[in-house]
Every structure is written in C-alpha cells, then in structure tokens.
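The block underneath contains the structure these notes are about, expressed in structure tokens.
No value in this document is a laboratory result; all are computed from the given coordinates. Fair warning: this is a prediction, and the values are worked out from it, not measured in the lab. We place every Cβ from the backbone using ideal geometry, glycine too, and count neighbours over all the protein chains shown.
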Amino acid sequence: MRRIQRGSADQSVVLRIIDESTGIPETGVLWNTAGIDLWYRREVATKTSIVEATLATLDAAHADGGFLAIGDGYYRLDLPDAAVASAAGVNGVMVGGAVTGMIVIGCYVELTAYNPYDTVRAGLTALPNAAADAAGGLPISDAGGLDLDAKLANTNEVTAARMGALTDWINGGRLDLILDIIAADTTTDIPALIAALDALIDTVKADTAAILTDTGTTLETDLDAIIAAVITNASGADIAADIIALKAETAAILADTNELQVDDYPTAIAAVKADTAAILIDTGTTLDGRIPAALVGGRMDASIGAMADIDFGATQKTSIQTAVGAQLDAAIAEPANLAATKSVRNFLWHLFSRFYHKNTQVAAAQVTYKADGATPLATRVTSDDGTTQTLGAGT
C-alpha cells in the first residue's frame, strides 16, 4: 500500500496484469489494448473511469491516464489529480481495472494529511522546515530535561528595547572607551586627587597640633606668668594702676587685631608688636621670648607649622573632628559645567557624574548630563577614521 498526501499533483501508481488462465504475467498490454478499462474509486464515492493514454518512455513527464509497461507484468499508470484531491472524509483511493482475458491486480493508496516523503517535517507546515537542532530547526536537549518554561522565566526580562540598548552600548567600542577612561582615571587623576587630599589633611593635622601646643601648654604658662606679675607679684606703685594700664593696652591690641580685617597687615602687625612690647614692659615678663621667632618676623603661618605637636584635650579633639567631618560630609552644590572653579569637590562631582548620571553617544559627540538627566554638564567630541577612534577633551 502506498501513501500519498491529499491534494498532490502528478501522482503515479504501479499495477500488475496476469493471464487469467495461466497466471503468467502479461508483458505486452498497451494503453489501447482491446477491452482495457482502468478506473479509480475514492472512499464513499463511485468508480471513475480513467481515459488511458500512451507514454513515450518510463521516465516521460506525467500525463493523466498515461500507461506503459515496466516489465514482468508491472505497469506504470499516471493518475488524474482528481483521484487524490483533498476532501473531508476521503482517506484513500482504490485503483483497478480490467483487460479482456487478463486479470488486473490493482492497488490501494492511503491519502494522508501529511507528506510522507518530506524527510524534514512530513509536510507539516506548523513545524520549522529544518532538521531538529539545525539552524532554524526545533531545539533539542542533548542531556534531556529541557524545561522551556523555566528558560522563558529566566529570560523574560531580556526585552527588545534592552537588547537594543545593550547592542548600542557595545557597538562602536563605546564600552571599551569608557573602560579605558576608568582605567586612566584610576591610575592618574584619582590617585593625584587622593594624594592632594591626604597632603591637605596632613597640613590641617600639623596646624591643629601646633594650636594645641600653644593653647594647652605655652599659652597657659604665659598667662600664669602675667597673672603672677600683675596681681600676685606686682611691682608697680599701685596694682589698680597696673590693671588699668593693662586694660588700655588690651583695648589697643583689640583695635589692632580688628584692623587686620581691612587694614594693611604689616602696619597692623607692627602696631601689635609695639603694644605687645608695652605689655611686656608693664608685666615685666619675658613673653616676647616665648613667641616664635617667625611670628615676630611677620610669618604666623610658618610659626604655626613649626610648632611642636602637643596633645589637645578630648573636648578639643572632638570639636575639631566634628568640624572637619562636617566639611567632608557637606552636600556638594552641582557645578554649572567643567569651566567652574576647579576644586577638588568639582573634580569629584564630574567624576561622579561621568559614571552615575545619564550619558549619551551620538555619531560625533559624547555628552554627560547633570542630575536632572536633561541639562548637559560636559561634551566630548568623538571621531573615527576607521583606524583610530578619538575622544576629545570635555567642554
């Protein structure tokens, strides 16, 4: 029994014809042999006669009713397309016939909804027209246990939009450029900024230690000496007169130090020195010898830096640490652009914006945006001559 897909065109079958008396195969039957009458019958239908026709050769093109001997009693018969047409409830067709004095051994053809001769998908168009596990074919699991629902759950976040953004991010070497910038920053700019910050902190620590030295030891000793000279061991004719004179000199000192805000510093410092000398005369102490030489010469900053380290009390330490911490933790106002004051804060802000704010890349420019995601903060011109991709300085 042969299988043919319903609705196929130009189909042929093989019949056998034998002598009705001897059973010997007939080899000379032609399409017009006397008494030949071939037919087909589709299921739930009547017989339909086939109009026989000749065929030039066994490999000739299909011709409805074409009939030709194959050999040994076998014959080729070309069926009309109507014999295998697609119809509901028709699952087969019987082919037979008669020849005078002979017996025609017919055949039954099963009509299928699939193509039994399609080795890839049997004519089932709902399946891909490619071998399983091949390009375009059904996926298979070599190890078995392929759970497509689990795979779908694991990949349902991979949307077309996200894949497009990822492709745009990778294409053109943009990711490499950004990684190169990060590598450059972490080996040059950032270490330099950290080193500068460390140096600044060291300076603050040294100056703070010098201040602690004066306020915790030297100044206290000097004040004790002043008190002893003016009150306890006063040598003047009148202690009250000495105190009044000291108040006057103190007022002069206050006036001179206030003038430091607006007046000529060297002149004001000279006046302070003169007043201090007067105080030394009145107090009879050696305070001048205790003031660092650099301060006497007009270099207060150098004097503070040169002072030996001393230990502040716990209260002073806490106050200084709180003040420094407040400055380090203070919110940074977003700068207008890279041309703004080139401070450590602004450098750190631009570095933060580069990696955590919105960045866009077009054909010839790379733009970093402010925190609002709409206002440009810095723009870098890009170009690519096919060999070298250049990323310009930010503006």
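Structural remarks
- Burial ordering of 146, 77, fewest other beta-carbon atoms within 10 Å first: 146, 77
- Which of 352, 67 has the fewest Cβ neighbours within 10 Å, and the rest in rising order: 352, 67
- Förster radius 30 Å - calculated FRET efficiency between residue 131 and residue 161 (Cβ-Cβ, nearest 0.05): 0.35
- Euclidean distance of C-alpha centroids, the stretch 42-59 and the stretch 119-161, integer Å: 44 Å
- Overall dimensions of the stretch 331-391, expressed as equivalent-ellipsoid semi-axes from the Cα gyration tensor (√(5λ), whole Å, largest first), are 25, 13, 9.
- Extended-chain gain in nm, criterion 0.36 nm per residue less alpha-carbon gap, residue 327 and residue 383: 16.0 nm
- Taking each residue as 0.36 nm, the span from residue 48 to residue 319 lengthens on full extension beyond its C-alpha to C-alpha distance by 86.2 nm.
- Directionally averaged shadow of the stretch 1-120, computed from the convex hull of its alpha-carbon atoms, nm²: 7.8 nm²
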